[in-house]
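Visitor: Before anything else, here's the structure in question.
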Amino acid sequence: MHFESEPGLEEFRQEVRDFVRDNLPEDMKARQVYSGSMFSNHDDDQAWSKIVEPKGWGTYTWPVELGGCGWSAMKQFAFEDELYKAYAPPLSFNTLHMIGPVLYKFGSPELQERFLPMIRKNEIRWCQGFSEPGSGSDLASLRTRADLVDGKYVVNGQKIWTSGAYDANWCFCLVKTDTTCKPQKGMSFLLIDMTSPGITVRTIPQINNEKHLCEVFFDNVEVPVANLIGEAGLGWTYAKKLLEGERTTSSYIFWNKREMRRVIALANAEALNGNPVAKDPAFRMKLARIQAELTALEWSVLRVLANETFPQGTPAAASVLKVRGSDLQQWVTEAQVDLIGDKALRSYPIDSLGSDAGTLWPEHVVNRTNMSMIARAATIYGGSKQVQRNILAATAFGL
Ligand SMILES: Cc1cc2nc3c(=O)[nH]c(=O)nc-3n(C[C@H](O)[C@H](O)[C@H](O)COP(=O)(O)OP(=O)(O)OC[C@H]3O[C@@H](n4cnc5c(N)ncnc54)[C@H](O)[C@@H]3O)c2cc1C
């Protein structure tokens, strides 16, 4: 199978490369290079969306009639590959893959009219309020309640690990609206204004020096009934549809490829016994193993996109890619840390640009340890590795 055979794909890649070269601000790029993150800070995220907007690329995954690009899966793949390669801030994951599709598939006409134009312009900072203490893998057991009182929902409870809640304007949230039926049936999907009285957000200290993960407390928070997505009690169905529709992003393939290129650059920059580490046979063996896994993952992603294996949208495809993609994040970042040796022991603020002491702390060592630490979480968030394996056992092998 020849995946690059789609007519015009190479010219399209060149168009993306040229655009990024001419329009990506240097400071924005530098922040992505140093952090190495697969996300960007909210300011860069919003500023970069504005830069790509005139090209119509902001919501490229959406249907054409809603402002999307109508690209083939291979064209989307090429687009994302080029953006990552160039260290452009990734376009908002929530907008493209999470709340955007939920709203245009299941939201009321009023909610669509109110939110879609702002989402298209990436003007809202969203956070995802699903997990709770004791309810992560087993989301159906969540306990945050939304009771109907005088024509409004009144929300009480706590969310945890809510990424970016500290400066989010809105939260898309799973809540219990009925505790008398089967847990999955009593769940609803609510949009909650983060400036509502009764909301408290606390950041959770992170080992990688980031301040990204939060606890969110709801104390008698009033939410208009009009902010309910679809029907009450169907929140679980909407949340599952959202996750199932997401076939290949869980592989983090573009990020893994880019960070593998960084492994090779570090191997050429760091020395062992007077030679670049890249010449060391033991290191080359290790590199070859990781590269083989990475290449296999890329082909798996391409096969899913070409619909050769796994019917489109089955949980099995997403689970396979998530398991291997998250493993690779850990292998690739661990290889980076190994390469910088004892220089990995120094702690940097997550947003540090460059370094401060010339050859002892060259720029390429900054943030590698932070990145390796946050990669530990890759096998947990978005569905833990063990749970993905359970899904695979059930859906692919009928166990
Ligand atoms: C960096 C990061 C960002 C996150 N961002 C968000 C966010 O923005 N919004 C949000 O809602 N949540 C977020 N989460 C939460 C994430 O979705 C949960 O951490 C995840 O679903 C696991 O749930 P848990 O932490 O409750 O662990 P648990 O579900 O308690 O799992 C603990 C351990 O038990 C294993 N386990 C659990 N059930 C089974 C089973 N049935 N079979 C075998 N093993 C099992 C798990 O694999 C894990 O190893 C984030 C988490 C992290 C680490």
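Visitor: Could you give every pair whose Cβ atoms fall below 6 Å, whose first residue belongs to the stretch 126-147 and is more than 12 Å from ILE160 (Cα to Cα), and whose second residue is part of a loop (DSSP other than H, G, I, E, B) and more than 11 Å from the ligand (Cβ to nearest atom), counting only separations of at least 6 or pairs across chains?
Guide: Pairs that qualify, where the first residue is more than 12 Å from ILE160 (Cα to Cα) and the partner is part of a loop (DSSP other than H, G, I, E, B) and more than 11 Å from the ligand (Cβ to nearest atom), are ALA146/THR177.
Visitor: Can you tell which of SER372, SER319 is in a helix (DSSP H, G or I), within 16 Å of the ligand (Cβ to nearest atom), under 19 Å from the mean Cα position of the chain (by Cα) and modelled with pLDDT under 90?
Guide: From the options SER372, SER319, the qualifying one is SER319.
Visitor: Can you find, within the stretch 116-135, the residue that is surrounded by the fewest Cβ atoms within 10 Å (Cβ to Cβ) among those that are touching a Ser or Thr at 6+ places or on another chain (Cβ under 8 Å) and within 26 Å of LYS182 (Cβ to Cβ)?
Guide: It comes out as GLY134.
Visitor: Of all the residues that make up the stretch 1-50, how many are of a type in the set (Phe, Trp, Tyr) and within 16 Å of PHE79 (Cβ to Cβ)?
Guide: The total comes to 4.
Visitor: Follow-up question, since we're still on this one. Checking the condition of a type in the set (Asp, Glu), more than 11 Å from the ligand (Cβ to nearest atom), assigned to a loop (DSSP other than H, G, I, E, B) and not assigned by TED's automatic domain parsing to the domain that holds GLY136, which residue from ASP356, ASP342, ASP338 passes?
Guide: ASP356
Visitor: I would also like to ask the following. Looking at THR144 and the list (1) crowded, with 17+ Cβ neighbours inside 10 Å; (2) over 23 Å from TYR381 (Cβ atoms), which single condition is not satisfied?
Guide: Unmet condition: (2).
The values are calculated or read from the model by the stated rules, or taken from the named source; none is laboratory data. In this text the structure is predicted, and so the values were computed from the model without any measurement. Virtual Cβ from ideal backbone geometry, glycine too; neighbours counted across all protein chains shown.
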